[in-house]
Amino acid sequence: MTDKQNDRRLILPPSATVSRRQALKMGVAGIGGLAVGGSLLAACGDDEEAAPATTAAPATTAAPTTAAPAGKESIKAAWVYIGPPDDNGWTQEHDRGRLAAQAALGDRLETSFVPNIGFDAGTTETFQQLVDDGNDIIFANTEYAGLLTEVSDNAPDTKFCEINGHYYSDNLFPFYLAHEKTAYQLGVAAGHLAGNGRIGYIGAFPTATAFNDVNGLLLGARSVNPDATVETVLVSTFFDPQKAAQAANALLDAGVDFLFGVMDEPTFLQLSEEAGVWTGYWNLDFRSAAPTKYVSHFDLSEFGPFYTEQCQRVLDGTWVSQDEVWLLDTPIGDFGPNVPQDVQDAVADAGAKLDSGELHVYAGPLNDNEGNERLAAGETLDSLQAYAIDWPVDGVTGISPVS
């Protein structure tokens, strides 16, 4: 971070295509006039086909080479990434998971990855090439829907796992993160730390991910401050420092006292630090971007065990699909150095009650932000039901119900 308060610098990964100068050349916009649209393809991926990067684990980490009777001596696994593996966010955490699986299974597992895969016909070709290359299992770190299933339906001997997916077959099932509880805990922290009760959120698209983020934040904050609100800006991408900076500036200038986001880079963290506003991150511990105002993050370390388990099952010959999403635990991460102990204790207490079932993130009566009753008194939603949520609770602005 710079020691000059008016010098807003950015941390960008080596693969970023936006220069610091470009990222800083933007005006300050009010929330009502913020224009941050863009197509999914333009926002989320590179149109050019990328060659897989292959990594074999060092022999020193090899597991025993005796295969189960119905299994295999070794397998190949491939990962298809929406972004680069050094994005300081989502894809970087998946790649850590890939490396964890590789280290755990040693020379029985050969891994490869293809980065920056967007949403066009070339994506289907990428999946087909990975099948043709003899991969036993293929992981996708975003939902590619028909671009993937066109291939998986015609490759029954290849296993597939698609994050945040909604398609189930004998060789494909979705997995994701049970993060509504984590958002609630972060909301408890925000309720204590945001003096005016105003929380800002930078999201990408109006999906269950965003709804569980904003709802969890608001409901957690309102357990502390009943007047808390969440103001949302959606930027139609997970990685665009310019749009993230524009959204952050709009929310900060509007007066939010806590800023959270699901971006794959730390621009909004740095701007929060410079504005003296508490902040948190979705993907990993990035306190270096906001050394004095960092609160916490979502801990995504369960990717490694999940990938290891799926590869081990393929090796053992025991891999089977399932008919519901596989949700990974998503604990709240470590706190920043300046988060008061009483706030940390309040977050831990809420987490314990959520885990025990004494407390529920979604407990009726609850209305959406258009005044419609969504949960009656006494009704609750569990994590599987939250995975399909498509509405924001009353008190959230900037995002509307989908249905």
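Computed from the coordinates by the stated procedures, all read-outs in this text should not be read as laboratory data. Not measured: the values here are computed from a predicted model. Positions of Cβ are backbone-derived with ideal geometry, glycine not excepted, and every protein chain shown enters the neighbour counts.
Scalar couplings 3J(HN,Hα) for the range 357-364, obtained by applying the Karplus form with A = 6.51, B = -1.76, C = 1.60 to θ = phi - 60°, are x, 5, 10, 10, 4, 9, 9, x Hz; x denotes Gly and Pro. Here the simple spin-label model places points 7 Å from the Cα toward Cβ, and for residue 323 and residue 388 these points are separated by 1.3 nm. For the range 132-201, the gyration tensor built on C-alpha atoms gives a prolate shape. Its axis ratio a/c (a ≥ b ≥ c) is at least 1.5, and a/b is the larger of a/b and b/c. Placing +1 on the Cβ of every Lys and Arg and -1 on the Cβ of every Asp and Glu, with nothing else charged, gives the range 261-403 a dipole about its Cα centre of roughly 240 debye.
Taking the number of Cβ atoms within 10 Å of each Cβ as an exposure proxy, the fewest-first ranking of 119, 260 is 119, 260. The range 162-196 and the range 329-378 have Cα centres separated by 12 Å.
Residues in the range 213-221 carry Karplus couplings, in order, of 5, 5, 5, x, 4, 5, 5, x, 5 Hz; the curve used is 6.51 cos²θ - 1.76 cosθ + 1.60 with θ = phi - 60°, and Gly or Pro positions show x. Between the amide H of residue 83 and those of 116, 117, distances stay under 5 Å, these residues lying 5 or more places away or on another chain, with hydrogens modeled in the peptide plane. Shape class of the range 83-206 from the Cα gyration tensor (axes a ≥ b ≥ c, square roots of the eigenvalues): prolate, since a/c reaches 1.5 or more and a/b is larger than b/c. A protection proxy built from the mean count of other Cβ atoms within 10 Å ranks the segments 80-89, 157-166, most packed first, as 80-89, 157-166. Near the amide H of residue 176, within less than 5 Å, lie the amide hydrogens of 164, 326, 327, 328, all on another chain or at least 5 residues away, with H placed in the peptide plane.
Coupling constants for the range 203-209 follow from the phi torsions by the Karplus curve (6.51 cos²θ - 1.76 cosθ + 1.60, θ = phi - 60°), and in residue order they are x, 9, 10, x, 10, 4, 4 Hz; glycine and proline get x.
Normalised by 2.2 N^0.38 Å, with N the number of residues, the alpha-carbon radius of gyration of the range 335-402 equals 1.35. Between residue 72 and residue 348, the FRET efficiency from the beta-carbon distance, with R0 = 45 Å, is close to 0.55.
Look at the dipole of the range 262-403 built from charges on Cβ: of 399, 343, 276, the Cα furthest out on the positive end belongs to 276. Amide H contacts under 5 Å for residue 381: 362, restricted to partners 5 or more places along the chain or on a different chain, H placed in the peptide plane at 1.01 Å from N. In plain terms, the chain from residue 86 to residue 145 could stretch by 18.8 nm, reckoned as 0.36 nm per residue minus the Cα-Cα distance.
When 271, 327 are sorted by how many other C-beta atoms sit within 10 angstrom of their C-beta, beginning with the fewest, the order is 327, 271.
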